[in-house]
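K.L.:
One structure follows; several queries about it will come next.
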Amino acid sequence: MSDWNTKVIEEFRANEGRVGGHFAGAPLVLVHSRGRRSGRELVNPMMYLANETDDGVIYVFASKAGAPDNPDWYYNLTSAGHGAVERGVETYPVRVRELTGDERDRRYAEQASRYPGFAEYAAKTAGIRTIPVLELTRVSAG
């Protein structure tokens, strides 16, 4: 997986936030977090859903392609409460908030309606785990 991530990250950075292949045309960001145990900076490419009224808010989905457990980046972000996002050619700090209840369900349903793979991930995890949705809100540097 890390070789695949590395290729996506390199392509993203070389093309002002655009990539081909599986992610062609999809909204993609690079999310930076710090490893809870290692302390290393980690970068993960992921699809996002933009907030319809606030350009400083996006939502990411800890789907892990429908695996039975959450991805490590989810734990890194939620334990820290902050991270950073590369969106296009810009990198900025974000505050992390996990959505719950109806708010979580609405955002996930919207993403699944736009990208049916997310509906498939939810079907794979049904009865095992609810895929977390994180709200990443831009914070002022300084």
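The values are calculated or read from the model by the stated rules, or taken from the named source; none is laboratory data. These figures come from a predicted structure and were not determined experimentally. Cβ atoms come from the backbone with ideal geometry, glycine included; neighbour counts cover every protein chain shown.
K.L.:
Of the residues R13, R37, R18, which is of a type outside the set (A, V, I, L, M), modelled with pLDDT under 95 and farther than 23 Å from G117 by Cα?
P.N.:
None of the others qualify; the one that does is R37.
K.L.:
From the list Y75, Y121, Y108, which one is closer than 17 Å to L28 by Cα and among the hydroxyl-bearing types (S, T, Y)?
P.N.:
Going through Y75, Y121, Y108 in turn, just one is closer than 17 Å to L28 by Cα and among the hydroxyl-bearing types (S, T, Y): Y108.
K.L.:
Same structure, new question: Cβ contacts < 8 Å: first residue exposed (fewer than 14 other Cβ atoms within 10 Å of the Cβ), restricted to segment 87-108; second residue at pLDDT below 95, any location; separation 6+ or different chain. Result?
P.N.:
G88/E16; G88/G17; V89/E16; V89/G17
K.L.:
So which residues in segment 66-106 are small (G, A, S) and under 12 Å from the mean Cα position of the chain (by Cα)?
P.N.:
Once the filter is applied, which keeps residues that are small (G, A, S) and under 12 Å from the mean Cα position of the chain (by Cα), segment 66-106 yields G83, A84.
K.L.:
Then there is this: Residues to consider are R107, R97, R87, R37; find the one that is among the charged types (D, E, K, R) and within 21 Å of H22 (Cα to Cα).
P.N.:
Numbers: R107 fails: within 21 Å of H22 (Cα to Cα); R97 fails: within 21 Å of H22 (Cα to Cα); R37 fails: within 21 Å of H22 (Cα to Cα).
From the options R107, R97, R87, R37, the qualifying one is R87.
K.L.:
Sticking with this one: For the list (1) in contact with a strand residue (DSSP E or B) (Cβ under 9 Å, 6 or more places away or on another chain); (2) surrounded by fewer than 15 Cβ atoms within 10 Å (Cβ to Cβ); (3) charged (D, E, K, R), I need the number of the one condition that D69 fails.
P.N.:
(1)
Every residue, every condition in (1) farther than 25 Å from E103 by Cβ; (2) among the hydroxyl-bearing types (S, T, Y); (3) part of a loop (DSSP other than H, G, I, E, B); (4) in contact (Cβ under 8 Å) with a residue 24 or more places away in the chain, yes or no:
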residue: G17; (1), (2), (3), (4): yes, no, yes, yes
residue: A26; (1), (2), (3), (4): no, no, yes, yes
residue: R37; (1), (2), (3), (4): yes, no, yes, no
residue: N70; (1), (2), (3), (4): no, no, yes, yes
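K.L.:
Given the conditions (1) in contact with a helix residue (DSSP H, G or I) (Cβ under 7 Å, 6 or more places away or on another chain); (2) crowded, with 17+ Cβ neighbours inside 10 Å, and given that R36 satisfies all but one, which numbered condition is not satisfied?
P.N.:
Against the list (1) in contact with a helix residue (DSSP H, G or I) (Cβ under 7 Å, 6 or more places away or on another chain); (2) crowded, with 17+ Cβ neighbours inside 10 Å, R36 comes up short only on (2).
K.L.:
Please verify whether segment 72-82 includes one or more residues that are among the small types (G, A, S), touching a residue at least 24 places away in the same chain (Cβ under 8 Å) and not in a helix (DSSP H, G or I).
P.N.:
Taking every residue of segment 72-82 in turn, none turns out to be among the small types (G, A, S), touching a residue at least 24 places away in the same chain (Cβ under 8 Å) and not in a helix (DSSP H, G or I).
K.L.:
Could I ask something else about it? Return the residue satisfying two criteria in turn: it lies in segment 109-118 and is surrounded by 14 or more Cβ atoms within 10 Å (Cβ to Cβ) and over 30 Å from S140 (Cβ atoms), and of such residues it is nearest to the chain's Cα centre (by Cα).
P.N.:
F118
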